[in-house]
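The values are calculated or read from the model by the stated rules, or taken from the named source; none is laboratory data. Quick caveat: nothing in here was measured; it's all calculated off a predicted structure. FYI the Cβ positions are ideal-geometry reconstructions off the backbone, even for glycines, and counts take in every protein chain you see. Surface accessibility is based on the protein's heavy atoms, side chains included, excluding ligands, DNA and RNA. Shrake-Rupley method; radii C 1.70, N 1.55, O 1.52, S 1.80 Å.
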Amino acid sequence: MRQLLDRAAGLDQPGGNDRLKRIVHRVITDLCRTIKEFDVTPNDFWSAVSYLTRLGQANEGGLLVPGLGIETFLDVIMDEKERRAGLAGGTPRTIEGPLYVAGAPLSQYEARLDQDPEPGEVLFIEGQVRDTAGQPIAGAVVDVWHANMKGGYSFFDPSQSAYNLRRRIETDAEGRYRLRTILPAGYGCPPDGPTQQLLTALGRHGNRPAHIHFFVEAPGYRKLTTQINIADDPYLYDDFAFATRDGLIPELVRHTDPEEIKARGLSEPFATIRFDFALNREAGHLPAAAVVREHAKAA
Ligand code: BEZ
Ligand code: FE
């Protein structure tokens, strides 16, 4: 048995990548242990293989990974490395998720994200990007994306136009940004997809609380990947993707005063959020905070 797994991982071969060999060896060893301990039958096993095939065909790998807590685990490991390197005081990171699209329109200081005509409660967000000493960072890029009122993301949801609810905003000389959009709804896994299938078998739901994603980048600083939550969501502390973190739940202020509504050029109540970002300085000996993964790009 031992010899079989050593050979399967190429340990008896001179060529190849040593680290990969050790990782593959560990993974197949643990898999074989699991098969033995749980008396996994060949039928069980091949149904798992076809599950993984379906997961890939449905392009849901990026959904299952956070659903099983692994994307948050990777964040916790990076947090630990940064803490040990003495970095502190930055805005908490949380998962990117699988729904980012690169290349959103870029503007200076401000942007409006909702470009499709759909009803929704208007939301204004404003804040400042600073370093951990509180100094504003001019020219930082705030890349923001979120779902619509049905929990759908443009590009993945063909009913929305390209880059709806996605923008990049460059901060002004005082590090400030502001945006207008609509309040998103929470995301739910496709009900007939393989991720939801496994979650259901685990007795779990596949829902996320309403949230807004950000990448915040500036030269000389560690890239921040994070999200803020909409505070009154019933799934706030029950996110299937485990992304809710302290420090990422800003107060949502609802404005109903007719004078305020008029002053904003609106006819209905609206909401505001103030959210400031604090970026850690780059530290050469740490792994890059920017995660390299495949991203769609709208045409
Ligand atoms: C999301 O950001 O909406 C998301 C994150 C993880 C899995 C699925 C969706
Ligand atoms: Fe999301």
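For the reader, a short list of remarks on this structure follows.
- The range 210-299: trypsin sites (Lys or Arg not before Pro) in DSSP coil with no more than 11 other Cβ atoms inside 10 Å: Arg293
- The chain - mean residue ellipticity at 222 nm from DSSP helices (-39,500 (n - 2.57) per run, n ≥ 4, rounded to 500): -8000 deg cm²/dmol
- Estimated dipole of the chain in Debye, rounded to 20 [Cβ of Lys and Arg +1, of Asp and Glu -1, Cα centre]: 940 debye
- Karplus-derived HN-Hα couplings along the range 134-143 (A = 6.51, B = -1.76, C = 1.60, θ = phi - 60°), whole Hz, x at Gly and Pro: x, 7, x, 10, 6, x, 6, 9, 9, 9
- Note on surface exposure: Cys189, Cys32 rank Cys32, Cys189 by accessible area, highest first, 1.4 Å probe.
- Rounded to the nearest 10 Å², the accessible area of Thr226 at probe 1.4 Å: 0 Å²
- If only the Cβ of Lys and Arg carry +1 and only the Cβ of Asp and Glu carry -1, the dipole of the range 97-254 around its Cα centre is close to 240 debye.
- Between helix 18-37 and the chain: long-axis angle, C-alpha atoms, 0 to 90°, nearest 10: 80 degrees
- Fully extended contour minus Cα-Cα distance, from Asp79 to Tyr109, at 0.36 nm per residue: 7.9 nm
- Charge tally for Thr34 (other residues, Cβ to Cβ under 14 Å; Lys, Arg +1; Asp, Glu -1): -1.
- Those residues of the range 110-141 whose amide nitrogen sits under 20 Å from the label point placed on Glu260, 7 Å along Cα→Cβ: 120-128
- Along the axis of the charge dipole computed for the chain (Cβ charges of +1 for Lys and Arg, -1 for Asp and Glu, origin at the Cα centre), the listed residues Gly206, Val141, Gln57 are led at the positive end by Gln57.
- Between the residues Pro14, Pro194, Thr72, the greatest Cα displacement towards the positive end of the dipole of the chain, with unit charges on the Cβ of Lys, Arg, Asp and Glu, is found for Pro14.
- The loop-placed GluC sites (Glu not before Pro) in the range 126-198, going by DSSP, that have at most 16 neighbouring Cβ atoms within 10 Å of their Cβ come out as Glu174.
- Loop-resident sites, the range 228-264, for GluC sites (Glu not before Pro), counting at most 10 other Cβ within 10 Å (DSSP): Glu251
- The value of relative contact order for the range 27-172, using C-alpha pairs under 8 Å at least six residues apart, is 24 percent.
- Links that overshoot a 25 Å alpha carbon limit, given the list Lys223/Lys297; Lys150/Lys297; Lys81/Lys297: Lys81/Lys297
- The chain, accessible surface, carbon-and-sulfur percent (1.4 angstrom probe): 55 percent
- Scattering curve values for the chain, log₁₀ I(q)/I(0), Debye with Cα scatterers, q = 0.06, 0.08, 0.11, 0.13 Å⁻¹: -0.25, -0.43, -0.77, -1.01
- Shape category assigned to the range 137-290 from the gyration tensor of Cα positions, a/c cut at 1.5: oblate
- Heavy-atom accessible area per residue - the chain, 1.4 Å, Å²: 55 Å²
- Average Cα contact separation per residue, the chain, under 8 Å, 6 or more apart, as relative contact order %: 22 percent
- If you plug the beta carbon distance of Glu282 and Asp18 into 1/(1 + (r/R0)^6) with R0 = 35 Å, you get a FRET efficiency near 0.75.
- The slack in the chain from Lys36 to Thr200, taken as 0.36 nm per residue of separation less the alpha-carbon distance, amounts to 56.5 nm.
- The alpha carbon centroids of the range 227-290 and the range 42-68 are separated by 33 Å.
- Inter-label distance, Leu11 to Asp246: 4.3 nm, where each label sits 7 Å from its Cα along the C-beta direction.
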